[in-house]
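J.: First the structure, then my questions, so here it is.
The values are calculated or read from the model by the stated rules, or taken from the named source; none is laboratory data. All values derive from a computational prediction rather than experimental measurement. FYI the Cβ positions are ideal-geometry reconstructions off the backbone, even for glycines, and counts take in every protein chain you see.
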């Protein structure tokens, strides 16, 4: 025995047996080996024939399948045996390839049909969009022209509003002046109203005084009438006294010496009666004069009372008119105040409106520019959609070619 490196002998093993036995065993072993070899060769030949047949048949089937597949026939059936060797795996893979290729071709056919259909719809849509874009472009041009006119009109409106605002401001200032004047007129009307009320009160007092004077003059006239009656009575008494004195003088003359004293008394009584008659005549004239004057004064007072009554009525009417004027003036001042406030608000609103119109004018100009850009974009979009329509036509042609290629396969 040698060491693992085969450089040194470690030891020796000895065999102690008869060598003839060994030779006999050797010969029998040779016979047995030859027999086994012959059997093995026979088995190998048989197995090789079976193995060759099991390999050649599937290979022929695969060759036929590949030939039909090269012709585009995917309907060829391939038998997949339940083999676990490489041939069985190859057949299974070929079957799987057939199924996958069938599914792929089917999907490609469906997709190509969808692409053709969608390309037609895309072409139609692109044409419609192109027509719409052209229409939009024309509409945008019309809108741009209208916007330009609107901008010009807005500028004119802005100028008119500016002039209107100035006029409103002037009107507002004039309204303030009118309001101030109306307030002054109202104050004067109030003062006139107060004066008329005072005059009316004075006329009422005068009316009372004149009315009392008329009453007193009527009473005086009545008293003078009574005096006239008394004077008439006294005159009658004086006449009677004078008549009695005359009779007494006649009787005294008849009596002679005895009637002289009585004659003197009768003469004195007659003289007194004559004086009374003269005085009564003077009193009568005075009373008549007083009656005449009092009658004239009474008539004048009555006429004055009528005038005072008329003046009082006119003053009252004038006072009522002044009250109406005062009320109307107050309402006018209120209305003017409201109008002035409204004018002030209108002035403020017109200024704000002017600013808003200027902003609208600016926005209109910007809108015009935007519309022009939109029109240009629409034209560009129309050109792009024309390109899309052309590309969709090409896509439809490619889809048709793809369909032709797919139709070569039998599925």
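J.: Would you call residue 228 surrounded by 13 or more Cβ atoms within 10 Å (Cβ to Cβ) and touching a residue at least 12 places away in the same chain (Cβ under 8 Å)? So that I can check it myself, show each step before the final result.
T.: Working: surrounded by 13 or more Cβ atoms within 10 Å (Cβ to Cβ): yes; touching a residue at least 12 places away in the same chain (Cβ under 8 Å): yes.
Against the criterion (surrounded by 13 or more Cβ atoms within 10 Å (Cβ to Cβ) and touching a residue at least 12 places away in the same chain (Cβ under 8 Å)), residue 228 qualifies.
J.: Now, a different point. Determine which single condition residue 209 fails, assuming it passes every other condition in (1) over 18 Å from residue 314 (Cβ atoms); (2) at pLDDT below 75.
T.: Looking at each condition in turn, residue 209 falls short on (2).
J.: Checking the condition within 30 Å of residue 285 (Cβ to Cβ) and either assigned to a helix (DSSP H, G or I) or under 60 Å from the mean Cα position of the chain (by Cα) (or both), which residue from 194, 229 passes?
T.: Unique residue meeting the criteria: 229.
J.: Based on what the data block shows, is residue 253 in contact with a helix residue (DSSP H, G or I) (Cβ under 8 Å, 6 or more places away or on another chain), at pLDDT below 70 and either in a helix (DSSP H, G or I) or surrounded by 15 or more Cβ atoms within 10 Å (Cβ to Cβ) (or both)?
T.: Details: in contact with a helix residue (DSSP H, G or I) (Cβ under 8 Å, 6 or more places away or on another chain): yes; at pLDDT below 70: no; either in a helix (DSSP H, G or I) or surrounded by 15 or more Cβ atoms within 10 Å (Cβ to Cβ) (or both): yes.
For residue 253, the condition - in contact with a helix residue (DSSP H, G or I) (Cβ under 8 Å, 6 or more places away or on another chain), at pLDDT below 70 and either in a helix (DSSP H, G or I) or surrounded by 15 or more Cβ atoms within 10 Å (Cβ to Cβ) (or both) - is not met.
J.: Right, another one. Looking at this structure, is residue 277 assigned to a helix (DSSP H, G or I), under 30 Å from residue 241 (Cβ atoms), more than 60 Å from the chain's Cα centre (by Cα) and at pLDDT below 75?
T.: For residue 277, the condition - assigned to a helix (DSSP H, G or I), under 30 Å from residue 241 (Cβ atoms), more than 60 Å from the chain's Cα centre (by Cα) and at pLDDT below 75 - is met.
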